[in-house]
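Notes for the one structure printed next.
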């Protein structure tokens, strides 16, 4: 069974600095998708970034980038130039296909606080 | 972009009563929607997959008679918590989308059973 592990329950970073959130996963599948979601205090889940496993190039979305290491089954998120609005819970998610349906498996989350 | 609307955002009900939560895809058709439960400071736990025109698929350990799911149209899925008890108090979230590109989430419903 697939599992997703986020080993950092809480992290903090100074505004304008860079922070990296870690995520590891376990799977025997070769084709899958990985995601990072942000959940601010409003509790609305917001997609941050997405990575296809068959792509070697790391995904980038403005200040957000990932370091995808397929062999190591690692999928870390780097936030550059951190902003106060980045304060949120961050969830790493593995997407698997079950009976033709794509389903998420979420990690336990990392609570990030950006300090002024 | 894809928009998923979820109502109500908050609901308080008495123990023993039932409460219905709606999840609508506003600008796309969703043959599949998902229902999650989230306890405070914890991750999202998938409860069930809602399939338009057919029965929902429940995850192991989720009581299908307690959490009734109806996906009557391509834009609406409902979750009814029947005979609610205080332990059913939680945050419930739905999601929908086109699969590999990622799913869009509703804004969630905070259910409090008193």
**OP:** Quick one: which residue in B:67, B:39 is more than 9 Å from every other protein chain (Cβ to nearest Cβ) and crowded, with 17+ Cβ neighbours inside 10 Å?
**Re:** B:67
Original post:
Quick one: is residue A:58 touching a strand residue (DSSP E or B) at 6+ places or on another chain (Cβ under 8 Å) and either part of a loop (DSSP other than H, G, I, E, B) or without any contact (Cβ under 8 Å) to a residue 24 or more places away in the chain (or both)?
Top reply: yes
Subject >> Boolean, residue A:78 is away from every other protein chain (no Cβ under 14 Å), touching a residue at least 24 places away in the same chain (Cβ under 8 Å) and over 16 Å from residue A:4 (Cβ atoms) >> reply: yes
Subject >> Selected residue [surrounded by 15 or more Cβ atoms within 10 Å (Cβ to Cβ) and within 14 Å of chain A (Cβ to nearest Cβ)] from B:57, B:82, B:75 >> reply: B:57
Original post:
Restricting attention to region A:19-51, which residues are assigned to a loop (DSSP other than H, G, I, E, B) and exposed (fewer than 13 other Cβ atoms within 10 Å of the Cβ)?
Top reply: A:28, A:29, A:30, A:31, A:41, A:42
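Matching residues to (1) modelled with pLDDT under 95; (2) surrounded by fewer than 19 Cβ atoms within 10 Å (Cβ to Cβ); (3) in a strand (DSSP E or B):
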residue: A:81; (1), (2), (3): no, yes, no
residue: A:91; (1), (2), (3): no, no, yes
residue: A:96; (1), (2), (3): yes, yes, yes
residue: A:102; (1), (2), (3): yes, no, yes
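Being farther than 18 Å from residue A:37 by Cβ and either under 17 Å from the mean Cα position of the chain (by Cα) or facing chain A (nearest Cβ under 10 Å) (or both) is the filter here, so list the residues in region B:15-36 that pass it.
B:18, B:19, B:20, B:21, B:22, B:24, B:25, B:26, B:29, B:30, B:31, B:32
The values are calculated or read from the model by the stated rules, or taken from the named source; none is laboratory data. Just so we're clear, the structure is a prediction, and the values are computed from it rather than from any experiment. Glycine gets a Cβ as well: all are built from the backbone with ideal geometry, and neighbour counts include every protein chain shown.
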